[in-house]
Amino acid sequence: MSLKKQLLKSKPVCKVTFRIPSELGQNAESVNIVGDFNNWNESTDAMKKLKSGEFTATLELEKGKSYQFRYLLNGNDWQNDPEADGYVTNEFGIENCVVNAF
């Protein structure tokens, strides 16, 4: 899993590309990025499955903020990104990933 960031000069956003490796994605039919940026809506921000078996998606996040997120595979398997910028324990005692849009 990985996060790639690109700050845009033309507008106050940070383009973040999220990627799940083929080892994790090969058995998944669907993957969604769920987090603060989409009000934890499990049915938005679907990732695209590549021929390699990886999943990827690019989101434009407001620059200068931090966001909590997790990956949802097949609608029921929650995964964290080991390359996240940090982790925060949520109200369920489980760690959420953090991505900093700066």
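Please list, ordered by first then second residue, the pairs with beta carbon atoms under 9 Å, 6 or more apart or interchain, first in the stretch 88-102 and without any contact (Cβ under 8 Å) to a residue 24 or more places away in the chain, second among the β-branched types (Val, Ile, Thr).
Partner pairs satisfying both residue conditions: 88/98; 95/88; 95/89.
Quickly run through the stretch 18-46 and pick out the residues that are among the polar types (S, T, N, Q) and in a strand (DSSP E or B).
Answer for the stretch 18-46, where residues must be among the polar types (S, T, N, Q) and in a strand (DSSP E or B): just 32.
Can you tell me which residues in the stretch 5-44 are touching a helix residue (DSSP H, G or I) at 6+ places or on another chain (Cβ under 7 Å) and buried (at least 19 other Cβ atoms within 10 Å of the Cβ)?
31
Kindly provide the set of residues from the stretch 32-78 that are in contact with an Asp or Glu (Cβ under 6 Å, 6 or more places away or on another chain) and on the phi > 0 side of the Ramachandran plot, ordered by number.
Hit for the stretch 32-78 is 74, nothing else.
Quick one: residue 102 ticks every box in (1) closer than 25 Å to residue 12 by Cα; (2) of a type in the set (Phe, Trp, Tyr); (3) surrounded by 14 or more Cβ atoms within 10 Å (Cβ to Cβ) except a single one, so which number is it?
Condition not satisfied by residue 102: (3).
So residue 2 fits all but one of (1) surrounded by 15 or more Cβ atoms within 10 Å (Cβ to Cβ); (2) under 10 Å from the mean Cα position of the chain (by Cα); what number is the exception?
(1)
If the Cβ limit is 8 Å and pairs must be 6+ apart or interchain, which residue in the stretch 10-35 that is more than 23 Å from residue 52 (Cα to Cα) and at pLDDT 90 or above pairs with which residue that is aliphatic (A, V, I, L, M) and outside any strand (DSSP E or B)?
Pairs that qualify, where the first residue is more than 23 Å from residue 52 (Cα to Cα) and at pLDDT 90 or above and the partner is aliphatic (A, V, I, L, M) and outside any strand (DSSP E or B), are 13/101; 14/8; 14/101.
Examine the stretch 36-44 for a residue that is touching a residue at least 40 places away in the same chain (Cβ under 8 Å), closer than 20 Å to residue 83 by Cα and within 13 Å of the chain's Cα centre (by Cα), and state whether such a residue exists.
No: zero hits.
What are the residues in the stretch 49-76 that are more than 12 Å from the chain's Cα centre (by Cα), in a strand (DSSP E or B) and either free of Cβ contacts under 8 Å to residues at least 24 places away in the same chain or within 20 Å of residue 101 (Cα to Cα) (or both), if any?
62, 66
Among (1) in a loop (DSSP other than H, G, I, E, B); (2) modelled with pLDDT of 95 or more; (3) surrounded by 12 or more Cβ atoms within 10 Å (Cβ to Cβ), where does residue 81 come up short?
(2)
The values are calculated or read from the model by the stated rules, or taken from the named source; none is laboratory data. Bear in mind the structure is a predicted one, so any value in this text is a computation, not a measurement. Don't worry about glycine lacking a Cβ; one is built from the backbone with ideal geometry, like all the others, and counts go over all protein chains shown.
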